[in-house]
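What follows draws every value from the coordinates through simple rules; no lab data is involved. Quantities reported herein were computed from a predicted structural model and do not represent experimental measurements. Ideal geometry is used to build each Cβ from the backbone, glycine not excepted, and the neighbour counts take in all protein chains shown.
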Amino acid sequence: MPTTPKIRPRALIRASGGPRYAVALAVDALGTGLLRPFLLLYGVSVLHLSAPLTGTAMTAGVVAGLVCMPALGGWLDRGARSTAVAASMLVRVAGTVLLLAAPSGNVWLFGSAALFLGVGNQAWPAAHAALVATLSYGRERDAALAAGRALRNAGMGVGALVATAALAGGTPVLQALAAVTGCSYLAAAALAWSVRLRADPAGAALAGPAGTADGEPASGMRALLAANVIYVFCLNVPEIALPLILMTQLHASPVWSAGIFVANTLLVVTLQVPLTVLLSRYSRRSVLALAGVVLTVSYLGFLVAASLAGGWAAPAVAAVSVLCTLGEIIYAGTATALVTILAPPHALGRTLARFELSTGFGLAVSPAVITALAPHGATALWGSLAAATLAASAAPLRRGA
């Protein structure tokens, strides 16, 4: 049984890309938090587009990002690392420029902006994971990936809070936020590019035994990718499922939804690295399966909480959301690390691209699935999610492809 590694800040920063790269991640996340949650509002309020038209354009951007993933995977397998990360940021600079240039009522420029932003948002996780995988191995890699997620959530949370406080300024403030976002992406891209890291296209730069996870042969990748589509529903639970249930079925104050979202962010920022390191004494397959079980229990908890009367439902939902966030942290701290270990060194980029494709697909369909199930009652929503997630939790333990 592996021992639990210690968290050494300097070693963690070095394994995550170094100080300049850490600053790049923070600046990029801050800019993302300033605009990404309010992109729909920008299209409706600044460009005076209809909400359905704005949403369609944003969805098209996400789909375009998914379509570009195979090309990114091939580029990564040819050795690109810091350049690929910088490119994902520069693409979003182009998106913000188009956003600022779009005149009122012009859906085509807004759609083009959403396309560039979508491509960058989809490309960044795979490029970042490939960079970290090149610099670290073993359980240090798990901790480094977890640290990157915690830093990104912290930056996005701060950005979202600043933007929320500034929204009272109306249209000029939204345009200013878009401009600041573009500048932050440009600065982050310059910092990421300055790292100047490439990998051996043959995969020799990746330390550790190729195609193994915890000393076992690589297997079950297809099942893992399919299960990942279900797992990622947990990422949209605090943003979509809980606000929908709290406001439309429990008629609770919006304060509960906001509080759950803030608590989710704080828990991820504070617990992502410690919990990932703590669980590193167990096999990654087992930990990922555990994440599915924890998420399943939380979904069943939401089912019970939603049935409570006398004003107890909203507090109970908030309490159960902590368990759901813990499941999310366990999943996020293990899944990408497991994929980087399972991937053959010469196909790391393509494997990560497929993994992010499954993540993006899950994130894209989950709002539609959640909103379709919710009107049929708590049992339909949480029962279905619990059953699907429990079934998915068996996938990491499979040895066959």
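Structure data summary
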quantity: Estimated inter-spin distance, ALA71 and VAL23, nm [label 7 Å along Cα→Cβ]; calculated: 3.2
quantity: Backbone N within the range 359-375 under 14 Å of label point (7 Å from VAL63 Cα along the Cβ vector); calculated: 361, 364-365
quantity: Modelled FRET efficiency - R0 25 Å, GLN175 with THR270, Cβ distances, 0.05 increments; calculated: 0.15
quantity: Modelled FRET efficiency - R0 30 Å, VAL304 with ALA101, Cβ distances, 0.05 increments; calculated: 0.05
quantity: Where N is the number of residues in the chain, Cα Rg divided by 2.2 N^0.38 Å; calculated: 0.96
quantity: Value of D in µm² per second that Stokes-Einstein yields for the range 1-115, Kirkwood Rh from Cα pairs, at 10 °C (1.306 mPa s); calculated: 96
quantity: Rounded, prolate or oblate (a/c below 1.5 giving rounded, otherwise prolate when a/b exceeds b/c) for the range 268-328 by Cα gyration tensor; calculated: oblate
quantity: Alpha-carbon centroid distance for the pair the range 63-81 / the range 308-354, whole angstrom; calculated: 23
quantity: Phi to ³J(HN,Hα) by Karplus 6.51 cos²θ - 1.76 cosθ + 1.60 over the range 272-286, Hz, x for Gly, Pro; calculated: 4, 6, x, 5, 4, 5, 4, 7, 5, 6, 10, 5, 4, 4, 5
quantity: The range 32-190: proportion of alpha-carbon pairs further apart than 20 angstrom, %; calculated: 52
quantity: Estimated [θ] at 222 nm from DSSP helical runs (n ≥ 4, -39500 (n - 2.57)) normalised by residues in the chain, nearest 500; calculated: -24000 deg cm²/dmol
quantity: Peptides ranked, highest mean first, by Cβ atoms within 10 Å: ranges 51-59, 144-152, 183-191; calculated: 144-152, 183-191, 51-59
quantity: Inter-label distance for ILE13 and ALA380, nm, one decimal - labels placed 7 Å from Cα along Cα-to-Cβ; calculated: 5.2
quantity: Contour excess over end-to-end distance, with Cα ends at LEU167 and SER253 and 0.36 nm allotted per residue; calculated: 28.9 nm
quantity: 3J(HN,Hα) from dihedral phi, the range 300-312, Karplus parametrisation 6.51/-1.76/1.60, rounded to Hz, x for glycine, proline; calculated: 5, x, 5, 4, 5, 4, 5, 8, 6, 10, x, x, 8
